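I have placed the structure first, in the form of structure tokens, so that the comments after it can refer back to it.
The values are calculated or read from the model by the stated rules, or taken from the named source; none is laboratory data. As the structure is a prediction and not an experimental result, all values here were calculated from the model. Here the Cβ positions follow ideal geometry from the backbone for every residue, glycine too, while neighbour counts run over all protein chains shown. We work out accessible area using only protein heavy atoms, side chains counted, and drop any ligands, DNA or RNA first. Shrake-Rupley method; radii C 1.70, N 1.55, O 1.52, S 1.80 Å.
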Amino acid sequence: MELRYCTACAAPLEQRDATEYVCANGHEYWNEPHASASVAVLRGGEVLLARRAVEPRKGRYVLPGGFVEFDETPYEAARRELREETGLAVTDLDLLEVHTIHYRRNEASLSIVFHAPRWEGEPEAGDDAAALVWRPVEVVESDEFAWHIPGLADKLRRLVER
């Protein structure tokens with residue numbers, strides 16, 4: 001996303017640094033990361049992945065998840081997104097990883113990754129997932145995965161080995 005105009009008065013914005021903008025009328029805007037939550041569901045040595053049906057990175061794999069809504073905790077968002085994208089229901093979630101990803105041009109996401117040790121239901125693609133697949137955890141390190149999250153594959157391998 002390219003920021004050009006003030007959201008308060010529509011005057012042109014001037015970028016001060018990587019996240020701060022100001023217009024001629026003194027209104028400030030901060031282009032900070034938006035929180036997202038995703039869930040790693042493991043079965044045997046495989047992780048459940050969603051193929052993105054929408055841009056950015058349409059066609060690549062991601063962990064089921066999405067953006068945290070206003071007045072929603074990351075845990076609530078993770079449960080909601082997992083249900084919307086896969087039909088699976090979870091109660092317990094373990095925090096696995098937090099990392100910033102570059103979502104689109106000039107737009108970042110603070111990606112909060114959870115692990116669901118137990119779930120109910122059978123996965124079925126819904127919402128913005130084109131398809132669901134079980135793949136080896138190594139896929140999260142490949143070019144097939146939409147965004148690189150350092151150390152995620154190692155953490156998933158350790159969970160599989162338990």
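Could you list, in sequence order, all residues of segment 93-106 that are under 16 Å from L159 (Cβ atoms) and open to solvent by 70 Å² or more (accessible area, probe 1.4 Å)? Within segment 93-106, D94, L95 qualify. Scanning segment 125-156 for residues that are among the aromatic types (F, W, Y) and either in a strand (DSSP E or B) or farther than 17 Å from K58 by Cβ (or both) gives W134, F145. Annotation note: Cβ proximity below 6 Å between a residue of segment 25-41 that is free of Cβ contacts under 8 Å to residues at least 12 places away in the same chain and a residue that is part of a strand (DSSP E or B) (sequence gap 6+ or interchain) occurs for E28/V22; W30/E20. For the residues W134, W147, the requirement of being closer than 12 Å to A40 by Cα and either open to solvent by less than 70 Å² (accessible area, probe 1.4 Å) or in contact with a strand residue (DSSP E or B) (Cβ under 7 Å, 6 or more places away or on another chain) (or both) singles out W134.
Out of curiosity, is V139 surrounded by 20 or more Cβ atoms within 10 Å (Cβ to Cβ), at pLDDT 95 or above and more than 24 Å from P33 (Cα to Cα)? No, not satisfied.
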